[in-house]
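The values are calculated or read from the model by the stated rules, or taken from the named source; none is laboratory data. This is a predicted model, so every value here is computed, not measured. Neighbour counts are summed over all protein chains in view; Cβ atoms, including those assigned to glycine, are modelled from backbone coordinates with ideal geometry. Each accessible area value is taken on the protein alone, full model and side chains, heavy atoms only, with ligands, DNA and RNA left out. Shrake-Rupley method; radii C 1.70, N 1.55, O 1.52, S 1.80 Å.
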Amino acid sequence: TGSSDVKRGWEIDLPLPLFDWGGAARTRARAEVEQAAAQLQDTAVRARSEVRSAWLTYRTALDLARQQQGEVVPLRQIISDETTLRYNGMLASVWDMLAEARNSTQAVASAIAAQRDFWLAETDLQLALTGTSPGALQGLTSGAAASTTPQGH
């Protein structure tokens with residue numbers, strides 16, 4: 001408009017209600033604390049569930065790997081030896097020998113797969129317990145040790 005407004009005097013800004021004793025802020029803070037506590041409890045329940053599930057998977061994989069290594073593979077070896085004796089005594093054919101060799105090979109492959117599943121389950125359990133993979137801490141410590149040694153030594 002081309003004119004300048006000049007104000008003289010004091011201005012005061014007061015929030016309403018005039019006599020606020022902090023009840024709204026206190027209620028909001030209490031609600032935030034309760035929400036954080038609920039989130040903490042939910043996280044704890046989820047973590048326990050994850051560890052329990054990883055532990056059951058670990059124990060199952062361990063039992064299967066031990067059974068394969070301790071019972072199935074030695075049993076297949078005994079059966080293979082018996083089939084060889086039957087073949088040497090001309091009581092079994094070449095086809096029986098080949099079938100037994102295939103079965104023994106499959107038993108060993110199953111034992112190796114069970115061992116692999118065990119190691120994977122153990123890694124998952126360590127991840128659930130610590131939140132990091134088992135090799136991560138070793139990699140950090142060896143990386144820190146390697147960085148402190150001078151180059152060329």
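In the range 5-32, the qualifying residues are those that are open to solvent by less than 100 Å² (accessible area, probe 1.4 Å) and modelled with pLDDT of 70 or more, and the one that is farthest from the chain's Cα centre (by Cα) is 9. For residue 45, the test of being under 39 Å from the mean Cα position of the chain (by Cα) and modelled with pLDDT under 95 is passed.
For residue 132, the test of being at pLDDT below 95, surrounded by 11 or more Cβ atoms within 10 Å (Cβ to Cβ) and not in a helix (DSSP H, G or I) is passed. Residues that are of a type outside the set (Ser, Thr, Tyr) and open to solvent by less than 90 Å² (accessible area, probe 1.4 Å) were ranked within the range 45-54; the one that is nearest to residue 110 (Cα to Cα) is 54.
For residue 57, the stated conditions do not hold, so it cannot be described as surrounded by 14 or more Cβ atoms within 10 Å (Cβ to Cβ), modelled with pLDDT of 95 or more and over 29 Å from residue 128 (Cβ atoms).
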